[in-house]
1. In segment 54-76, is there at least one residue being within 21 Å of residue 205 (Cα to Cα), small (Gly, Ala, Ser) and either open to solvent by 40 Å² or more (accessible area, probe 1.4 Å) or not in a strand (DSSP E or B) (or both)?
2. What's the number of the condition residue 189 fails, among (1) surrounded by fewer than 19 Cβ atoms within 10 Å (Cβ to Cβ); (2) under 30 Å from residue 66 (Cβ atoms); (3) at pLDDT 90 or above?
3. Within segment 280-296, identify whether any single residue is without any contact (Cβ under 8 Å) to a residue 40 or more places away in the chain, among the β-branched types (Val, Ile, Thr) and closer than 24 Å to residue 236 by Cβ, and answer yes or no.
4. Is it fair to say residue 290 is at pLDDT below 90 and more than 25 Å from residue 241 (Cβ to Cβ)?
5. Which condition number in (1) open to solvent by less than 40 Å² (accessible area, probe 1.4 Å); (2) modelled with pLDDT of 80 or more is the one that residue 96 fails?
6. For the subset of segment 279-313 comprising residues that are of a type in the set (A, V, I, L, M, F, W, C) and open to solvent by 60 Å² or more (accessible area, probe 1.4 Å), which member is nearest to residue 139 (Cα to Cα)?
7. Find all pairs meeting these conditions: Cβ atoms under 7 angstrom apart; at least six residues apart or on different chains; first residue within segment 19-42 and in contact (Cβ under 8 Å) with a residue 12 or more places away in the chain; second residue charged (D, E, K, R).
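The values are calculated or read from the model by the stated rules, or taken from the named source; none is laboratory data. Remember, predicted model here, so these are calculated numbers, not experimental data. Note that we place each Cβ from the backbone using ideal geometry, even for glycine, and neighbour counts take in every protein chain shown. What goes into the accessible areas is simple: the full protein's heavy atoms, side chains included, and nothing from ligands, DNA or RNA. Shrake-Rupley method; radii C 1.70, N 1.55, O 1.52, S 1.80 Å.
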Amino acid sequence: MALLEGNGFGTPENMQTRLSYLAESMDILAARFAGYDMVYTPAPNAPGETYFPWYGRDDEEIMVCVFRGGRIEESFHRQDFFFFNYAWRGDYDTLSFQRDNLVTIREGELYLGQPFTGYALRGNLREEVTIVGVLIRKETFYESFMPMAAGTRLLDFFVDPLTNPSAEQFMVLHPDRDFPAAELLSFMICEYAHERPDSQDLLKSYALLLIMHAARQYDREHDVPEPKGECAKMLAHLERNVGQVSLAQLAAQFGCHPNYLSTLFKKELGRSFTELVLEQRMSRAAVLLRGTTSPIEIIALQLGYSNPSNFYKAFERYYGCTPREFRLRRSVDIAR
């Protein structure tokens, strides 16, 4: 793949240096990937299934992997993390959740997967293929990325399997000129191959950019119209800041009176501001309870409840069970 050439990022000499550094970094990660001890482990509550637990270091939230080879023969398995697999060079096949659902990933395409959705890379290839994978701890995604991605259609793909057994299990995107997937991944490859004390912080920033660009690409490919009108913009802001925003703060953000905002939501959405906040908080709570091991008290604080007991009461009224009871159902629901 001719990466970064002719894009005005510097002189030809500087560009050659950058490309050489990228090639060196990819060599490092390809050798590192070949040495990973990736052990298939029996999948919880899924008899006969196997899965990959997080195989990065305990202090890592983001991993960047490079696979090179002419033969891929993975066993069908699940995984305990989110991933973005990019076909850097060449095409390859993958078996998705349904074992007979063979999907071909073409060069330049991006395959997205959620925790515990099954797949397997397959293929006897005529030419060597290069796959770049970005792996994200599920706790990191739910706690750090989900609030930023709130209000995007792509977020539904990532979180729906927690509450909807019939949700999509995989997604393939076709990055266009407005989605600099290869460029973002090149930065991540170089950063991960030559780690520094602050590399994980930088990788999280790049990963967020990758997710947000993927969300835009999803909307373009599915003809999802951009939110229009002040109500849509306000709702998107509310979804991203549900744990920190009040009616007065939201009104100030958009330069209007709180009473006007309250009336607007009721008229356009059929729900009051309080009802919208509760709906968003409870939806986020369900994902955090089922997708992370964060203490319930911490989740309550993240959602804007300074007193955890108020969160317990609100949750039980909304779902008809306590947060602890809801969390206990997590593994059963995911396995279905």
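1. There is at least one residue in segment 54-76 that is within 21 Å of residue 205 (Cα to Cα), small (Gly, Ala, Ser) and either open to solvent by 40 Å² or more (accessible area, probe 1.4 Å) or not in a strand (DSSP E or B) (or both).
2. Result: residue 189 fails condition (1) only.
3. Looking only at segment 280-296, we keep the residues that are without any contact (Cβ under 8 Å) to a residue 40 or more places away in the chain, and these are 281-283, 285, 295-296.
Still in the list and also among the β-branched types (Val, Ile, Thr): 296.
With the extra rule that they be closer than 24 Å to residue 236 by Cβ, the set shrinks to none.
Within segment 280-296, not a single residue is without any contact (Cβ under 8 Å) to a residue 40 or more places away in the chain, among the β-branched types (Val, Ile, Thr) and closer than 24 Å to residue 236 by Cβ.
4. Numbers: at pLDDT below 90: yes; more than 25 Å from residue 241 (Cβ to Cβ): no.
Answer is no for this residue.
5. Every listed condition holds for residue 96 apart from (2).
6. Step one: of segment 279-313, the residues of a type in the set (A, V, I, L, M, F, W, C) are 282, 285-289, 296, 298-301, 303, 311.
Within this subset, residues satisfying the condition of being open to solvent by 60 Å² or more (accessible area, probe 1.4 Å) are 298, 301.
Numbers: 298: 13, 301: 16 Å.
Of everything passing the filter in segment 279-313, 298 is nearest to residue 139 (Cα to Cα).
7. 30/68
Rundown of residues vs (1) more than 27 Å from the chain's Cα centre (by Cα); (2) part of a helix (DSSP H, G or I); (3) farther than 17 Å from residue 326 by Cα, yes/no style:
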site: 242; (1), (2), (3): no, no, yes
site: 265; (1), (2), (3): yes, yes, yes
site: 282; (1), (2), (3): no, yes, no
site: 285; (1), (2), (3): no, yes, no
site: 294; (1), (2), (3): no, no, no
site: 298; (1), (2), (3): no, yes, no
